[in-house]
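Heads up: the structure comes next, in structure tokens.
The values are calculated or read from the model by the stated rules, or taken from the named source; none is laboratory data. Source: prediction; values computed, not measured. Cβ: placed from backbone, ideal geometry, glycine included. Neighbour counts: every protein chain shown. For accessibility, only protein heavy atoms count, side chains too; no ligands or nucleic acids. Shrake-Rupley method; radii C 1.70, N 1.55, O 1.52, S 1.80 Å.
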Amino acid sequence: MAYSLEIGPLAAMEIWEAFDWYELQREGLGIEFLAELESFYASLIRNPNSYGYYERPIRQGKIDRFPYVVVFEVFDAIVVVYSVFMTKQDPNKKRLG
């Protein structure tokens, strides 16, 4: 089954905040973060149900190179990303949209 991807507003904000922060650390690092995220998305839309549950029915998966998890839910043929959450934060701050 082919899944489409929808990025929620909170996730979009978190992605750009992370991008900006990484670019301030080293020029080009933000681009590398986005590339890793795109690689994760490619895997996610191939098989979203292979990722573990955060709280049913919400799932999450870790980005390989950066300390972030992608929090999402699967609806029929759509994967909705609610949050791109930095794992070094207090997990109680993780919000879902």
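For this structure, a couple of remarks:
- Residues considered: Asp76, Asp64, Asp20. Largest GNM mean-square fluctuation over the chain, using C-alpha springs under 10 Å, is found at Asp76.
- Rounded to the nearest whole Hz, the Karplus-based 3J(HN,Hα) values (6.51 cos²θ - 1.76 cosθ + 1.60, θ = phi - 60°) of the stretch 16-33 follow the sequence 6, 5, 5, 4, 4, 4, 5, 5, 5, 6, 7, 4, x, 5, x, 5, 5, 4, with x at glycine and proline.
- Carbon + sulfur, % of accessible area of the chain - ligands and nucleic acids excluded, 1.4 Å: 53
- Counting only protein heavy atoms and a 1.4 Å probe, the chain has 60 square angstrom of accessible area per residue.
- Charge context of Val80, other residues only, Cβ under 10 angstrom, K/R +1, D/E -1: -2
- Secondary structure note: in the chain, about 80% of the DSSP beta bridges are antiparallel.
- Within a Gaussian network of the chain (alpha carbon springs, distance under 10 Å), most fluctuating of Glu38, Glu23, Glu55: Glu55
- q = 0.10, 0.22 Å⁻¹, the chain: log10 I(q)/I(0) [Debye, one scatterer per Cα]: -0.24, -1.16
- Within the listed set Leu34, Leu24, Leu44, the Gaussian network model of the chain (springs between alpha-carbon atoms below 10 Å) gives the highest mean-square fluctuation for Leu24.
- Sequence-distant contacts, meaning Cα pairs under 8 Å at least 6 residues apart, place the relative contact order of the chain at 33 percent.
- For the stretch 5-72, a crude dipole built from +1 on the beta carbon of Lys and Arg and -1 on the beta carbon of Asp and Glu, taken about the Cα centre, is about 420 debye to the nearest 20.
- The residue list Tyr54, Ser4, Gln25 was ranked by how far each Cα lies along the charge dipole of the chain toward its positive end, using unit charges on Cβ atoms, and Tyr54 comes out on top.
- Rounded to two decimals, the Cα radius of gyration of the stretch 15-68 over 2.2 N^0.38 Å is 1.27.
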